[in-house]
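> Structure in structure tokens, see below.
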Amino acid sequence: MTLHVRRVGADAAADVHAVVGAAFAARPVLDPPADALSETVSSVRADLGSHGGLLATLDGQPVGALLFGPRGDVMMLRRFGVVPAAQGHGVASALVDAAVGSTLGYRWLAVLAREELPATSAFWQRHGFQVVEAASPYLELRRELESSWEIADADGMRALGERLGRSTRAGDVVVLTGELGAGKTTLTQGIGRGLGVRGDVTSPTFVIARVHPSLVAGPDLVHVDAYRLGGIAELDDLDLDTSLEEAVTVVEWGAGLVEALTDHRLEVTISRAMADALGDQELDPRVVRVRRVSA
């Protein structure tokens, strides 16, 4: 059997709703009833359109799902469920792993579990979550997420960028900070790969901004070099082929400029891991720190 987990948007609402309905209907009757049972295709579509979710399939059939619900630096996992016939095949664990890989920049993953279902709480605890609050009938469990990585080479930088690309959505702004040659454009190449966009991602220094259209019906990538911009407002004069609200915008040298563009952004800082040592010139690792800012 082939298990696959992918990030989805509003177009997957019917499949996600069917999975959530089947998963929660099979649970013991609770008082009060689970809110998930009142979901409709329309309500799921609205949530997926705003924040996205994950859909797991076994041999192409939808069997597991969750909705993302950001809350400051916490990403809530909502409507997490696996259809009864697919339980015991590692679907729930695969959803957790995919959620960790799809939420770069958040400090915590969190989930609400019913106190009447101790086996559910035990599942989350086996996956690194701990109870942080109890407000009957719910327990909130959280898992701290990684926020920095030591990257050994360009391939590693692109791989991290690919994960970052899969964590972004239309309207996101990614601000890259790092000295000349730190690897900002290399990271952006990975972001482009994660988004599935067209064209080779190269430094936009001489054109200031370059648009890479999506090849997978997702957001375009707008790659900006802000080094020569007097302010991010000058983007309005660049005659871009896409709206920034419908694209993922990656801005090199953007610190201090993009704050007026959006209150919600990813701040990525790249520094040399051995800044105070010459070391081996063949080995020049970087430390990449990712932080999500939300006003």
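> For Ser93, all conditions in the list (1) among the polar types (S, T, N, Q); (2) crowded, with 18+ Cβ neighbours inside 10 Å; (3) free of Cβ contacts under 8 Å to residues at least 40 places away in the same chain hold save one; what is the number of the exception?
(2)
> Residue check: is Asp172 of a type in the set (Asp, Glu) and within 22 Å of Leu229 (Cα to Cα)?
Yes, satisfied.
> Could you list, in sequence order, all residues of the range 265-283 that are at pLDDT 80 or above and farther than 26 Å from Arg169 by Cβ?
Ser271, Arg272
> Something else now. Restricting attention to the range 193-246, report how many residues are buried (at least 20 other Cβ atoms within 10 Å of the Cβ), part of a helix (DSSP H, G or I), modelled with pLDDT of 70 or more and in contact with a helix residue (DSSP H, G or I) (Cβ under 6 Å, 6 or more places away or on another chain).
Final tally of qualifying residues: 2.
> Could you list, in sequence order, the residues of the range 31-55 that are surrounded by 14 or more Cβ atoms within 10 Å (Cβ to Cβ) and in a loop (DSSP other than H, G, I, E, B)?
Correct list: Ala34, Glu39, Gly52.
> When you go through Val91, Val63 one by one, which is the residue that is more than 24 Å from Gly165 (Cα to Cα), modelled with pLDDT of 95 or more and either over 14 Å from the mean Cα position of the chain (by Cα) or assigned by TED's automatic domain parsing to the domain that holds Val131 (or both)?
The match here is Val63.
> Looking at Val83, is it at pLDDT 95 or above and among the β-branched types (Val, Ile, Thr)?
yes
> Considering each of Arg6, Arg45 in turn, give the residue that is among the charged types (D, E, K, R) and touching a helix residue (DSSP H, G or I) at 6+ places or on another chain (Cβ under 7 Å).
Going through Arg6, Arg45 in turn, just one is among the charged types (D, E, K, R) and touching a helix residue (DSSP H, G or I) at 6+ places or on another chain (Cβ under 7 Å): Arg45.
> Of everything in the range 159-212 that's within 18 Å of Glu246 (Cα to Cα) and of a type in the set (D, E, K, R), which residue is farthest from the chain's Cα centre (by Cα)?
Among those that are within 18 Å of Glu246 (Cα to Cα) and of a type in the set (D, E, K, R), it is Arg210.
> Filter the range 1-30 for residues that are β-branched (Val, Ile, Thr) and either buried (at least 17 other Cβ atoms within 10 Å of the Cβ) or assigned to a strand (DSSP E or B) (or both) and give the result.
Listed by number, the residues that qualify are Val5, Val8, Val16, Val19, Val20.
> Quick one: would you say Arg143 is at pLDDT 95 or above and assigned to a strand (DSSP E or B)?
For Arg143, the condition - at pLDDT 95 or above and assigned to a strand (DSSP E or B) - is met.
> From Leu139, Leu117, Leu112, Leu187, grab the single residue that is in contact (Cβ under 8 Å) with a residue 24 or more places away in the chain and not assigned by TED's automatic domain parsing to the domain that holds Arg79.
After ruling out the rest, the residue left standing is Leu187.
> Okay, next question. Within the range 5-51, work out how many residues are closer than 12 Å to Pro62 by Cα and among the basic types (Lys, Arg).
Total satisfying the criteria: 1.
> Which residue is modelled with the lowest pLDDT, if the candidates are limited to the range 247-256 and must be buried (at least 19 other Cβ atoms within 10 Å of the Cβ) and on the phi < 0 side of the Ramachandran plot?
Ranking the qualifying residues of the range 247-256, first place goes to Gly254.
> Answer yes or no as to whether Val174 is among the hydrophobic types (A, V, I, L, M, F, W, C), farther than 23 Å from Arg6 by Cβ and not in a loop (DSSP other than H, G, I, E, B).
So Val174 fails the test.
> Continuing with the same structure: Scan the range 82-116 for residues that are among the aliphatic types (A, V, I, L, M) and in a loop (DSSP other than H, G, I, E, B) and jot them down.
Scanning the range 82-116 gives Val83, Leu104.
The values are calculated or read from the model by the stated rules, or taken from the named source; none is laboratory data. This is a predicted model, so every value here is computed, not measured. Quick reminder, even Gly has a Cβ in these numbers, built from the backbone with ideal geometry, and neighbours come from all protein chains shown.
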